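Laboratory data are not the source of any read-out in this text; all were calculated from the coordinates shown. Keep in mind the model is a prediction, meaning the values are calculated, not measured. Methodologically, a virtual Cβ is constructed for each residue, glycine included, from the backbone with ideal geometry; neighbour enumeration extends over all protein chains shown.
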2 protein chains.
Amino acid sequence: MKSKAIFYHAGCPVCIDAEQGLALSLDANKFNLEIVHLAENTSRINEAENAGVKSVPALILDSTVFHINFGASISDLK
Amino acid sequence: MKSKAIFYHAGCPVCIDAEQGLALSLDANKFNLEIVHLAENTSRINEAENAGVKSVPALILDSTVFHINFGASISDLK
């Protein structure tokens, strides 16, 4: 069974680099990847914060949060 | 042909989480992954710095540096 991966971003250049370079490089046999644009889906900001996301881009793998470089603080997306 | 991936770390808990959770989740069909422990291989610190690594853990994919969370500044490893 595949694990769940969620990539949260805000459309910023740092986010796009992380999406194209890193998130899309995950083993697709291991993960079902969901990509969430928080600036366009502000209703999911609380979900991201509750999962431990402090800034974007961030990647959640099996409930572990990995903050990748720094694009924007999640508090600036509200 | 596979791309080169280098994961630089220093053995810290944040580093190990990133190695196990993220670096080892890359698509092995796309990348040849090398894992470098900079605290044990200080001779490679300059190489990492020249590649743009500011802190560990960091993952380089196709010459792009992704700093993942924050374990230690590379300047503290010297």
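General observations
- D_trans [Stokes-Einstein, Kirkwood Rh over alpha-carbon pairs] for the protein assembly as shown, 20 °C, 1.002 mPa s, µm² s⁻¹: 137
- Length available on full extension from B:GLU49 to B:LYS4: 0.36 nm per residue minus the Cα-Cα distance, which gives 14.5 nm.
- In units of the rule-of-thumb radius 2.2 N^0.38 Å, chain B shows an alpha carbon radius of gyration of 1.00.
- Under 5 Å from the amide H of A:ILE35 lie the amide H atoms of A:PHE7, each residue being 5 or more positions distant or on a separate chain, with H modelled from the backbone and absent for Pro and chain starts.
- Amide H contacts under 5 Å for B:ASP27: A:LEU26, A:ASP27, restricted to partners 5 or more places along the chain or on a different chain, H placed in the peptide plane at 1.01 Å from N.
- Cα-projected label distance for A:LEU24 with A:THR64, points at 7 Å along beta-carbon direction, nm: 2.5
- Fluctuation leader among A:SER55, A:SER63, A:SER25 - chain A, Gaussian network, Cα springs under 10 angstrom: A:SER25
- Integer Hz, Karplus 6.51/-1.76/1.60 couplings in order for the range A:31-38, x for Gly and Pro: 10, 8, 8, 10, 10, 10, 8, 6
- Residues whose placed amide H lies under 5 Å from that of A:ALA72, excluding near-sequence neighbours: A:VAL56
- Chain A: GluC sites (Glu not before Pro) in DSSP coil with no more than 12 other Cβ atoms inside 10 Å: A:GLU40
- Karplus-derived HN-Hα couplings along the range B:69-78 (A = 6.51, B = -1.76, C = 1.60, θ = phi - 60°), whole Hz, x at Gly and Pro: 6, 8, x, 7, 6, 5, 5, 7, 8, 7
- Phi angles of the range A:43-53 translate, via the Karplus equation with coefficients 6.51, -1.76, 1.60 and θ = phi - 60°, into HN-Hα couplings of 5, 9, 5, 4, 4, 5, 4, 5, 7, x, 6 Hz per residue; Gly and Pro are given as x.
- The calculated FRET efficiency for the pair B:ILE35 and B:ASP76, based on their C-beta separation and a Förster distance of 35 Å, comes to about 0.95.
- B from A by rotation - nearest chain A beta carbon to the axis, in Å: A:ASP27, 2
- Working from Cα pairs under 8 Å separated by at least six residues, relative contact order for chain A is 39 percent.
- The range B:6-39 and the range A:1-67 have Cα centres separated by 18 Å.
- Per-residue ellipticity at 222 nm computed for the protein assembly as shown from its helices equals -5000 deg cm²/dmol, with DSSP H segments shorter than 4 residues left out and the rest contributing -39,500 (n - 2.57).
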